[in-house]
Amino acid sequence: MDDKIVYRQMKPGDEGRIYALVSSVFSEFVASEYLPEGIEEFINYIQPEDIASRAAENHFVFVAESGSEIVGVIEIRNSNHISLLFAEKRFQRRGVGKELLRKSVEVCRREVPGLERITVHSSPNAVLAYEKMGFEPSGSERTFHGIRFVPMTCRLEKGDSG
Ligand SMILES: CC(C)(COP(=O)(O)OP(=O)(O)OC[C@H]1O[C@@H](n2cnc3c(N)ncnc32)[C@H](O)[C@@H]1OP(=O)(O)O)[C@@H](O)C(=O)NCCC(=O)NCCS
């Protein structure tokens, strides 16, 4: 395995590989926590054409690439909300999630000077990881369209580069 990881913005044509990564990590780590309706809702959300159309509107995406393989992805909505964050199983706990977040926060702060917080709807399995990355729960766990999540917020320090 080539261990060098490159972080870059998504390019047109990446969407199929992003779908493949997210659907396989989702099936292994997240799907068992959702209701059937939530699984369907999530799989619809990550279809390649939907990733592309959101990126053309109010979302941006960074990927982590090892060789020709996409091993991590983050999608940000409105420069203030994490709508996807996934790392390939072999690459988890190696700093990929944190670096994708750091790069994204840099972009968000450029887009929104004075940005005070980033939010996420964390799946229950990922709450500890988000806490380690500086997020705190901002409410109790809830279920919407079959998707279970804990709303979480990361307050950004003034002048913190992310
Ligand atoms: C959540 C996820 C994206 C984190 O990515 P990652 O690359 O493994 O995270 P990092 O290696 O950058 O770790 C960041 C911090 O979280 C901690 N962490 C990561 N996974 C963790 C876990 N499962 N449990 C507890 N802590 C965890 C790390 O130890 C690290 O803490 P540290 O800086 O104090 O050492 C990844 O585990 C994943 O893809 N999970 C399955 C999909 C998922 O649930 N995504 C979130 C949907 S909202």
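We did not get these values from a lab; they are worked out from the coordinates using the rules stated. Owing to the predicted nature of the structure, the values given are computational and were not obtained by experimental measurement. Counting neighbours? That spans all protein chains shown, and the Cβs are built from the backbone with ideal geometry, glycine included.
Side notes on the structure shown:
- Simple spin-label estimate for Arg142 and Glu69 in nanometres, 7 Å along Cα-Cβ: 3.8 nm
- Compared with the alpha-carbon gap, the fully stretched path from Tyr45 to Arg155 is longer by 36.9 nm at 0.36 nm per residue.
- With 0.36 nm allotted per residue and the present C-alpha distance subtracted, the Asp3-Leu128 stretch has 42.5 nm of extension available.
- Size of electric dipole in the chain: Cβ of Lys, Arg +1 and of Asp, Glu -1, about Cα centre, debye, nearest 20: 560 debye
- Cα gyration tensor shape of segment 104-146, rounded if a/c is under 1.5, else prolate or oblate by comparing a/b with b/c: prolate
- Above-threshold pairs, the threshold being 20 Å between Cα atoms, out of Lys103/Lys132; Lys11/Lys89; Lys11/Lys158: Lys11/Lys89; Lys11/Lys158
- Extension gain, Ala31 to Arg90, is 19.4 nm, computed as 0.36 nm per intervening residue step minus the present C-alpha separation.
- Among Lys103, Lys89, the ranking by other beta carbons within 10 Å of each residue's beta carbon, starting with the fewest, stands as Lys89, Lys103.
- By the combined test of axial Cα extent (at least 18 Å) and Kyte-Doolittle hydropathy (mean at least -1.0), the qualifying DSSP H helices of the chain come to 15-29, 96-111.
- Gyration tensor verdict on segment 3-47 (Cα atoms; rounded if a/c is under 1.5, prolate if a/b is larger than b/c, oblate otherwise): oblate
- Label point distance in nm, Ser23-Lys98, each placed 7 Å from Cα along Cα→Cβ: 3.2 nm
- Cα gyration tensor shape for the chain, rounded if a/c is under 1.5, else prolate or oblate: rounded
- Residue with peak Gaussian network fluctuation, the chain [Cα springs, cutoff 10 Å], from Ser66, Ser140, Ser122: Ser140
- Of Arg77, Arg102, Arg94, the one that fluctuates the most in a GNM where the chain has Cα springs shorter than 10 Å: Arg94
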